[in-house]
Amino acid sequence: MSTQHSRKANEFVKDTAVVDRHDATFWAVRSRRDTMAHEVPEWEDLREAASRIKKHTVTHLADYLEKFAANAGRNGVQVHWAKDADEYNAIVLEILRAHDVRKVVKSKSMLTEECGLNDSLIAHGIDVVETDLGERILQLLGVPPSHIVMPAIHITREQVLECFRAHGIIEKEGRKAADSMNGDLDKLVAEADPTFLTRCARYHLRDNFMTADCGMTGANFGIAATGEVVVCTNEGNADMSTSIPPLHIVSMGIEKLIPDYESMAVFQRLLARNGTGQPTTVYTSHFRRPRPGSEMHIILVDNGRSDILGNEDHWQTLKCMRCGACMNTCPVYRRSGGYSYSYFIPGPIGINLGMLRDSDKHYGNCSACSLCCSCDNVCPVKVDLSTQIYKWRQQLDSMHHADPMKKTMSEGMKVMFDHPGLYTAALRMAPLANHMPSWLTGIAMGPWCEAHDMPRFAKKSFHQLWKSGLDEK
Amino acid sequence: MSRLRGNVRETYDMPDLSFAKLVYPDRVGAFIKTATTAAGASVIEMQEGDDINELIRRAYPNAKTIASNVPGVKADLNPDDVAKPQDLDGTDVSVVAGSVGCAENACIWIPQTMKQRAVCFICEYLVIILDRDNIVSNMHEAYSRIEMPELGFGAFISGPSKTADIEQALVYGAQSFCGVTIILR
């Protein structure tokens with residue numbers, strides 16, 4: 001009965017304090033999102049516009065890609081095309097080698113995660129430094145992100161302190177960090193103060209920005225009309241990564257394209273409000289040309305996206321702009337955590353993207369949905385997330401992933417409901433179960449019986465009551 | 001490309017974007033409110049006869065190194081003249097000019113009008129000079145007004161760099177400047 005997701009979730013829920021904190025954290029983000037949405041009277045117009053702009057763009061993607069690449073080329077940017085993760089990793093490595101790069105500073109990019117770039121670069125002797133604070137913490141801890149926007153939210157301040165200490169960051173930057181806050185070093189360390197820890201990371205990363213040979217960013221949007229990319233951050237790490245080293249590599253999934261500035265305004269207004277409940281990200285940076293004396297490369301990555309476009313039921317996942325709202329609102333995500341999912345993107349969008357990537361590996365995530373449809377209602381580009389999950393579930397049997405116990409029960413129920421005589425007979429017999437010893441009725445029918453007692457059957461069924469005119473109440 | 005074209009089942013038109021948008025009767029007032037609350041910036045309204053250098057000095061009395069190429073701003077470092085971007089590290093205050101401000105989210109468009117744009121991010125504190133006449137209500141208006149400079153980079157900036165990556169505690173001063181002062185003239 002249990003799936004890969006439910007087994008891992010079982011581990012996560014053992015510590016109820018952790019679950020409560022996780023749940024409350026993301027519910028707070030969801031609430032902030034609602035406040036933001038209610039402050040904009042045209043919110044629903046924006047969502048509808050965003051959905052339709054994306055539908056338009058992805059169904060004219062080849063034309064827009066050609067336009068984008070031509071414009072970027074005219075701007076002096078070198079454009080590359082990668083059909084899959086291997087090709088993408090090879091292109092990055094080739095550019096880095098041509099520039100004799102030893103250290104890369106990177107701002108957060110889900111695409112590089114999707115393609116396994118960091119491992120590939122490290123295997124080739126290149127030092128990769130994540131510069132988003134959350135990503136850096138995870139990199140130093142050697143664990144993957146558990147959320148696409150707030151990747152390290154499940155880590156405690158004490159764990160961060162311990163990790164920074166183990167990597168010598170407290171020893172090297174602690175004094176400077178404490179002085180910058182006019183604080184007492186010992187006290188700040190004892191409290192694992194978040195501001196102090198952030199400052200330590202600030203100075204630690206500053207050193208890396210100064211000495212890196214290349215800055216890498218993702219792209220939140222690509223604008224076809226101008227050939228530029230837009231990167232949105234709160235920390236300013238994408239801007240630090242790209243304004244100091246002499247080389248900038250942008251990694252962009254082909255579905256990130258939008259037509260023009262007019263469309264960009266719609267997405268800019270939705271992204272941060274919907275994702276983290278802020279009116280905007282602190283930085284919305286537009287990169288059109290390489291800095292004087294430096295190079296800029298854009299790698300356009302397909303890696304399965306053109307196949308998704310041909311998938312009748314799931315092509316609309318290409319509209320997703322990775323704001324994270326569907327996981328923030330998801331009751332299953334909030335209570336089971338990012339690591340319960342087998343795909344690196346958790347939550348409703350991750351269930352769908354994982355199935356599209358490799359259904360044999362990720363079908364267990366399909367159970368992580370109660371079909372409450374909350375995700376559909378918060379998605380800023382109206383991806384039909386829950387409908388798509390429902391459709392995957394209908395296909396599990398033909399994929400030979402249907403659960404045998406559920407299947408037997410479904411077949412049994414079908415026999416019973418197809419034969420009214422059998423159904424009525426079973427109902428008459430049911431109250432007898434009330435008199436059976438509990439060891440017989442309490443047989444654990446898998447997870448449904450956990451924390452549930454066997455219900456008592458009524459003496460008379462609704463059918464019988466109805467027929468006797470409801471007079472025997 | 002052929003696979004992309006071949007896999008399209010049905011095409012969709014670009015939607016009409018002329019729906020009514022949020023506008024503020026008092027754009028400057030709304031901008032100041034958003035900038036000083038959600039964005040976490042300070043705002044100085046420049047008065048007739050105010051000296052810009054004095055305002056900057058008063059806002060950051062302890063600043064040792066000021067970097068700017070804005071005409072009329074006294075600076076120790078000029079981002080047009082430094083040999084490499086790393087030379088700007090250690091800047092206490094950078095002073096830059098914004099061309100469009102947006103009331104709904106306190107974003108200010110900073111076009112790259114200096115050789116080393118690192119000056120906009122590497123400092124401890126950022127001062128942005130903005131004309132109050134250039135404040136619009138929403139991002140639709142802002143995007144219709146901004147211009148990309150010759151150097152090919154521009155950013156909307158709304159307040160100091162921030163993070164909540166450690167236990168959701170809001171901290172100003174992540175990788176870039178720790179504070180922002182907007183001078184409205």
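Considering region B:75-185, the qualifying strands (runs of 3 or more DSSP E), each wholly inside and each with 3 or more residues that are more than 7 Å from every other protein chain (Cβ to nearest Cβ), run over B:93-97, B:100-102, B:108-111, B:125-130, B:179-184. Screening the candidates A:ASP360, A:ASP376 for the property of being open to solvent by less than 70 Å² (accessible area, probe 1.4 Å) and either in contact with a Gly (Cβ under 9 Å, 6 or more places away or on another chain) or of a type in the set (D, E, K, R) (or both) yields one hit, A:ASP376. The residue that is nearest to A:ALA62 (Cα to Cα), among those in region B:11-30 that are part of a loop (DSSP other than H, G, I, E, B) and more than 7 Å from chain A (Cβ to nearest Cβ), is B:ASP16. Close contacts from region A:339-358, counting a first residue that is farther than 25 Å from A:ILE155 by Cα and a second that is assigned to a loop (DSSP other than H, G, I, E, B) and at pLDDT below 95, with Cβ to Cβ under 6 Å and a gap of 6+ residues or different chains, come to none at all. Taking the numbered list (1) part of a loop (DSSP other than H, G, I, E, B); (2) under 20 Å from A:VAL149 (Cβ atoms); (3) acidic (Asp, Glu) in turn, A:ASP100 passes all entries but (2).
For region B:31-54, the set of residues classified as polar (S, T, N, Q), more than 10 Å from chain A (Cβ to nearest Cβ) and open to solvent by 70 Å² or more (accessible area, probe 1.4 Å) consists of B:GLN47 only. Candidates are the residues of region A:183-229 that are within 12 Å of chain B (Cβ to nearest Cβ) and part of a loop (DSSP other than H, G, I, E, B); the one that is nearest to A:HIS60 (Cα to Cα) is A:ALA224.
When B:LEU22, B:LEU4 are checked against the criterion of being open to solvent by less than 30 Å² (accessible area, probe 1.4 Å), out of contact with any Lys or Arg (no Cβ under 7 Å at 6 or more places or on another chain) and without any contact (Cβ under 8 Å) to a residue 24 or more places away in the chain, a single residue qualifies: B:LEU4. Of the helices (runs of 4 or more DSSP H) that lie entirely inside region A:278-347, those containing 3 or more residues that are away from every other protein chain (no Cβ under 13 Å) span A:325-329, A:331-336. Return a yes/no flag: does region A:24-44 have any residue that is over 18 Å from A:GLY275 (Cα atoms), in contact (Cβ under 8 Å) with a residue 40 or more places away in the chain and either surrounded by fewer than 19 Cβ atoms within 10 Å (Cβ to Cβ) or within 14 Å of another protein chain (Cβ to nearest Cβ) (or both). Taking every residue of region A:24-44 in turn, none turns out to be over 18 Å from A:GLY275 (Cα atoms), in contact (Cβ under 8 Å) with a residue 40 or more places away in the chain and either surrounded by fewer than 19 Cβ atoms within 10 Å (Cβ to Cβ) or within 14 Å of another protein chain (Cβ to nearest Cβ) (or both).
The values are calculated or read from the model by the stated rules, or taken from the named source; none is laboratory data. What you see is a predicted model; the values in this text were computed from it and never measured. Backbone-built Cβ (ideal geometry, glycine too); neighbour counts: all protein chains shown. Heads up: the accessible areas ignore ligands, DNA and RNA and are worked out on the full protein's heavy atoms, side chains in. Shrake-Rupley method; radii C 1.70, N 1.55, O 1.52, S 1.80 Å.
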